[in-house]
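The values are calculated or read from the model by the stated rules, or taken from the named source; none is laboratory data. In this text, all values refer to a predicted model and were calculated from it rather than measured experimentally. No Cβ is skipped: glycine too gets one built from the backbone with ideal geometry, and neighbour counts run over all protein chains shown.
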Amino acid sequence: MMNDEVTIDPWGSSQSTDYARIIEKFGLSSMEGVKLEKPSRLHRRGVVFAHRELDIVLESKRSGNPFGVLTGLMPSGRMHLGHSMVIDQVKWFQEQGGDVTIAVADLESTATRGISLSEGREIATREYVANYAALGLDPEKTSVYFQSERNVVQKLGFQLGKRTNLSELEAIYGFDGSTNLAHVQAPLVQAGDILHPQLDDYGGLRPIVVPVGIDQDPHLRLTRGLAAKTNWFNVSDAKMGLQVGVSVQEENASVMGVEPSGRVNKEKQKQVFAKIVEAIAGLGYSDIISNPKHGTVNIPSATSRDKGPIKMALLTLERSLGGMGLLAPSSTYHRFAVGMTGDKMSSSKPKTTLFLGDDIATAEKKIKKSFSGGQATIEEHRRLGGDPDKDVSYQYMMYFFEEDDSFLEEINQGYRAGKILAGEMKQMCIERATEWLSDLAEKRDETQHLVSKFFE
Ligand code: TRP
């Protein structure tokens, strides 16, 4: 038995990279079987390697229904290549028809990084949103907001707090008695960020996908669990078909016909079950078996694939009865590009990455000094070949700078065979990074006037 732990920590500085085991341990779904119509560079190259319930988003798109994308930014430090990966994916979903919401985590950065709200606002605008515009996000279809200014986000965070406790947060995040409470509040506010676009004032019930680095999965696990706990009706696999279970809670007891004494008002209960049956029948199922006594409704002819539409119909019903009707968010997960020095990329360690605002000379210097997958001497390199999986220059072309798959394949093999030297790989990367960064700087100037539109 292997007993070395696979861990994921949104605040940690190290990170497991055994992706197969991460998928297994945390119950993610692999992207391998997922068919995308126009996969992006990061999809084609397996950088986006896992997801949770992406199907429900793709299904919405296929059937012409709306879906949204959400991400957040921590306004501290400078925007680097790692951050741009998320925006690449947001942009891809936007091109597929998704509406985009972006949270500025100014409350989180005040509490955990000591950045004032006005500083946070300034950093978010100058450093992040300016680059979002330059990277090609559509300001008409993107809405950026500040946590501190969106009351409903904080309110949701507070309400959802009721559905969890310290033990669960300890289990998910490894908190203990010495954990600062700002770290306890931040994930709850973030759950508010992730769930609020479904509220009627922000676009209404629709699937929301959150593309993140794998280190952020704990937040998604928490949020998905919280949403599920608020749900009045839960859909699960049954021996035959699907089963809807009714969850009686403090909030809905009266609607469900459960009186304070615990006595069941059969008439009220019957009405609720009739509405469940009606909602499901509306989707075209005819054999529906209602069993109020057991608190269940069965749909023997439904398959796992029908879960999405049935969930949506029941959430709509829940809302009409006064519930929040929150759909658990979907998510996708990307691998991290290696840091340039071999450590994790970090804003606070400028040598580990390229910043989007780096000038050409700085970028060139960083790439020249970056970790290479070459051998110690040219003679050895020619004989043994290099390792593109460890080579920062190759990796950065694959993650960021090179669109052409066949060219990449060619240099990958050339490197392994020792035909391409480490210095030559660096040179190719420098050329592409130079072009990429100067293009971006030009676009930043051109799109400067659009920045304020992202906040409207
Ligand atoms: N906590 C995230 C970070 O450290 C920022 C963030 C806030 C976020 N709310 C979010 C990310 C919602 C994804 C979704 O970068």
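Got at least one residue in region 385-398 being under 15 Å from residue 340 (Cβ atoms), among the small types (Gly, Ala, Ser) and part of a helix (DSSP H, G or I)?
Yes, there is a match, as at least one residue in region 385-398 is under 15 Å from residue 340 (Cβ atoms), among the small types (Gly, Ala, Ser) and part of a helix (DSSP H, G or I).
How many residues does region 238-249 hold that are buried (at least 19 other Cβ atoms within 10 Å of the Cβ) and hydroxyl-bearing (Ser, Thr, Tyr)? Steps first, answer last, please.
First, pick out the residues of region 238-249 that are buried (at least 19 other Cβ atoms within 10 Å of the Cβ): 242-244, 246.
Adding the requirement that they be hydroxyl-bearing (Ser, Thr, Tyr) leaves none.
Count: 0.
Can you name the condition, by its number, that residue 206 falls short on among (1) within 16 Å of the ligand (Cβ to nearest atom); (2) in contact with a Pro (Cβ under 9 Å, 6 or more places away or on another chain); (3) modelled with pLDDT of 95 or more?
Of the numbered conditions (1) within 16 Å of the ligand (Cβ to nearest atom); (2) in contact with a Pro (Cβ under 9 Å, 6 or more places away or on another chain); (3) modelled with pLDDT of 95 or more, the odd one out for residue 206 is (1).
Could you grab me the full set of residues in region 293-316 that are crowded, with 18+ Cβ neighbours inside 10 Å and in a loop (DSSP other than H, G, I, E, B)?
Once the filter is applied, which keeps residues that are crowded, with 18+ Cβ neighbours inside 10 Å and in a loop (DSSP other than H, G, I, E, B), region 293-316 yields only 302.
Name the residues in region 137-146 that are away from the ligand (no atom under 16 Å from the Cβ) and either touching a residue at least 60 places away in the same chain (Cβ under 8 Å) or part of a helix (DSSP H, G or I) (or both), would you?
Here is the first cut: in region 137-146, the ones away from the ligand (no atom under 16 Å from the Cβ) are 138-141.
Hits for region 137-146 are 139, 140, 141.
Give 435, 431 a once-over and let me know the one that is acidic (Asp, Glu), surrounded by 12 or more Cβ atoms within 10 Å (Cβ to Cβ), within 24 Å of residue 129 (Cα to Cα) and without any contact (Cβ under 8 Å) to a residue 60 or more places away in the chain.
Residue meeting the stated conditions: 435.
Just wondering, is there one or more residues in region 100-117 that are crowded, with 23+ Cβ neighbours inside 10 Å and more than 14 Å from the ligand (Cβ to nearest atom)?
no
Buried (at least 21 other Cβ atoms within 10 Å of the Cβ), on the phi < 0 side of the Ramachandran plot and either in a helix (DSSP H, G or I) or not hydroxyl-bearing (Ser, Thr, Tyr) (or both): does that describe residue 220?
Working: buried (at least 21 other Cβ atoms within 10 Å of the Cβ): yes; on the phi < 0 side of the Ramachandran plot: yes; either in a helix (DSSP H, G or I) or not hydroxyl-bearing (Ser, Thr, Tyr) (or both): yes.
Yes: the conditions hold for residue 220.
Among the residues of region 30-49, write down those that are within 12 Å of residue 85 (Cβ to Cβ) and charged (D, E, K, R).
The answer is 41, 45.
Does region 189-196 contain at least one residue that is charged (D, E, K, R) and surrounded by fewer than 19 Cβ atoms within 10 Å (Cβ to Cβ)? If you could, list the steps in order and put the result at the bottom.
Taking region 189-196 and keeping what is charged (D, E, K, R), we get 193.
Checking the rest, the ones that are also surrounded by fewer than 19 Cβ atoms within 10 Å (Cβ to Cβ) come to none.
No.
Kindly evaluate residue 186 against the criterion of being within 14 Å of the ligand (Cβ to nearest atom), in a helix (DSSP H, G or I), at pLDDT below 95 and surrounded by 21 or more Cβ atoms within 10 Å (Cβ to Cβ). I'd like the intermediate steps shown before the answer.
On the way: within 14 Å of the ligand (Cβ to nearest atom): yes; in a helix (DSSP H, G or I): yes; at pLDDT below 95: yes; surrounded by 21 or more Cβ atoms within 10 Å (Cβ to Cβ): yes.
Yes; evaluated as a whole, the condition is true for this residue.
Being in a loop (DSSP other than H, G, I, E, B) and touching a residue at least 60 places away in the same chain (Cβ under 8 Å) is the requirement here; does residue 206 meet it?
So residue 206 fits the description; yes.
Condition first: among the small types (Gly, Ala, Ser) and touching a Pro at 6+ places or on another chain (Cβ under 9 Å). Now tell me which residues in region 40-62 satisfy that. Give the steps one after another, and end with the answer.
The first filter runs over region 40-62 and keeps only residues among the small types (Gly, Ala, Ser), leaving 40, 46, 50, 60.
The answer is 60, and nothing else.
Among 63, 40, which is away from the ligand (no atom under 16 Å from the Cβ), of a type in the set (Ser, Thr, Tyr), modelled with pLDDT of 95 or more and farther than 22 Å from residue 223 by Cα? If you could, list the steps in order and put the result at the bottom.
Details: 63 fails: modelled with pLDDT of 95 or more.
Checking each option against the conditions leaves just 40.
Residue pairs, Cβ under 6 Å, 6 or more apart or interchain, first in region 65-92 and closer than 28 Å to residue 326 by Cα, second polar (S, T, N, Q). List them.
Partner pairs satisfying both residue conditions: 67/60; 70/101; 74/109; 75/109; 86/71; 90/71; 92/40.
Among the numbered conditions (1) away from the ligand (no atom under 13 Å from the Cβ); (2) aliphatic (A, V, I, L, M); (3) modelled with pLDDT under 95; (4) crowded, with 19+ Cβ neighbours inside 10 Å, tell me where residue 235 comes up short.
The single condition residue 235 does not satisfy is (3).
Just to be sure I understand, how many residues within region 65-77 are touching a Pro at 6+ places or on another chain (Cβ under 8 Å) and either polar (S, T, N, Q) or surrounded by fewer than 21 Cβ atoms within 10 Å (Cβ to Cβ) (or both)? Break it down stepwise before answering.
In the first step, residues of region 65-77 are kept if they are touching a Pro at 6+ places or on another chain (Cβ under 8 Å); the result is 67-71.
If we keep only those that are either polar (S, T, N, Q) or surrounded by fewer than 21 Cβ atoms within 10 Å (Cβ to Cβ) (or both) too, we end up with 71.
Total meeting the criteria: 1.
Which residue is nearest to residue 311 (Cα to Cα), if the candidates are limited to region 237-255 and must be touching a residue at least 24 places away in the same chain (Cβ under 8 Å) and hydrophobic (A, V, I, L, M, F, W, C)?
Of everything passing the filter in region 237-255, 244 is nearest to residue 311 (Cα to Cα).
Select from region 147-179 the residues that are touching a residue at least 40 places away in the same chain (Cβ under 8 Å) and outside any helix (DSSP H, G or I) and write down the one among them that is nearest to the ligand (Cβ to nearest atom).
150
Which of the following residues is at pLDDT 95 or above, small (Gly, Ala, Ser), surrounded by 19 or more Cβ atoms within 10 Å (Cβ to Cβ) and touching a Ser or Thr at 6+ places or on another chain (Cβ under 9 Å): 279, 274?
Numbers: 274 fails: surrounded by 19 or more Cβ atoms within 10 Å (Cβ to Cβ).
Within the list 279, 274, the selection yields 279.
All but one of (1) touching a helix residue (DSSP H, G or I) at 6+ places or on another chain (Cβ under 7 Å); (2) surrounded by fewer than 22 Cβ atoms within 10 Å (Cβ to Cβ) hold for residue 62; which doesn't?
So the condition that residue 62 fails would be (1).
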